[in-house]
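The values are calculated or read from the model by the stated rules, or taken from the named source; none is laboratory data. In this text, all values refer to a predicted model and were calculated from it rather than measured experimentally. Backbone-built Cβ (ideal geometry, glycine too); neighbour counts: all protein chains shown. Note: areas computed on protein heavy atoms with side chains; ligands, DNA, RNA excluded. Shrake-Rupley method; radii C 1.70, N 1.55, O 1.52, S 1.80 Å.
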Amino acid sequence: MKMIVGLGNPGPKYTDTKHNVGFITLDEWAFQNKEKYNKNKFEALYIETTVDGSKVLFVKPLTFMNDSGRAVRPLMDYYNIAIEDLVVVYDDMDMPVGKIRLRQKGGAGGHNGIKSLIQHLGTQDFNRIRIGVGRPQHNMTVVQHVLSPFPKDEHAEMLHSVKESVDAIDHFIKGNNFLETMNQFNKRG
């Protein structure tokens, strides 16, 4: 069984913000595959489905970004999901809008959602899809930047990276290991 986690903040106030690009990606996967969120347990909203004969969970923690691990760990324990079957999708300010980067491990890089996951999972060794949201513009704090929506002139690039991330998720859940997925999608630049 595989588990894909999109990081974000619950509620309409945060729906289109840069910090919610993980939620946006999972919603895009659900839209493309005509799936609906059908479970609400462990402080998470999620889809439990089968893809090519394998069970997959698509999880949006409802704990707010900075406490994401509180929802993810109990779900992993309940469904007995191995760490190598987890993929976390989230925003990354160190990359421009429109870019994605897959990694198998690493530190939090200042991202509080990832800090929470590392703390609750007890390891930094989990698969990630990082989606670029760019750096804050002049006179804007990091918090203001990640909690603001994508400007209209960045929508096309954001949508490109979301769809590219959905393609990477599909590649992984259809039987390819994460290293193969990483090699294929990181080559695209």
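On the stretch given as segment 167-182, residues that are within 14 Å of Met3 (Cα to Cα) and touching a helix residue (DSSP H, G or I) at 6+ places or on another chain (Cβ under 7 Å) total 5.
In segment 69-82, is there at least one residue being farther than 26 Å from Gln144 by Cβ, part of a helix (DSSP H, G or I) and aromatic (Phe, Trp, Tyr)?
Yes, because at least one residue in segment 69-82 is farther than 26 Å from Gln144 by Cβ, part of a helix (DSSP H, G or I) and aromatic (Phe, Trp, Tyr).
Only one entry of Asn38, Asn9, Asn33 meets the criterion of being surrounded by fewer than 17 Cβ atoms within 10 Å (Cβ to Cβ), at pLDDT 95 or above and of a type outside the set (Gly, Ala, Ser), and that entry is Asn33.
Residues satisfying the criterion are absent from segment 49-56 (criterion: at negative phi, part of a helix (DSSP H, G or I) and open to solvent by less than 60 Å² (accessible area, probe 1.4 Å)). For first residues located in segment 27-38 and touching a residue at least 24 places away in the same chain (Cβ under 8 Å), partners that are of a type outside the set (Val, Ile, Thr) and surrounded by fewer than 16 Cβ atoms within 10 Å (Cβ to Cβ) and lie 6+ apart or on another chain with Cβ distances below 9 Å form the pairs Glu28/Leu159; Glu28/Lys163; Ala30/Lys36; Gln32/Lys163.
Over 25 Å from Val142 (Cβ atoms), within 12 Å of the chain's Cα centre (by Cα), open to solvent by less than 40 Å² (accessible area, probe 1.4 Å) and in contact (Cβ under 8 Å) with a residue 40 or more places away in the chain - does that describe any residue in segment 65-78? No, segment 65-78 has no match at all.
Rundown of residues vs (1) on the phi > 0 side of the Ramachandran plot; (2) acidic (Asp, Glu), yes/no style:
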position	(1), (2)
Lys60	no, no
Phe64	yes, no
Gly69	no, no
Asn80	yes, no
Glu84	no, yes
Met93	no, no
Val97	no, no
Arg101	no, no
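Does Met140 meet the test of being hydrophobic (A, V, I, L, M, F, W, C) and surrounded by 14 or more Cβ atoms within 10 Å (Cβ to Cβ)? It is false that Met140 is hydrophobic (A, V, I, L, M, F, W, C) and surrounded by 14 or more Cβ atoms within 10 Å (Cβ to Cβ).
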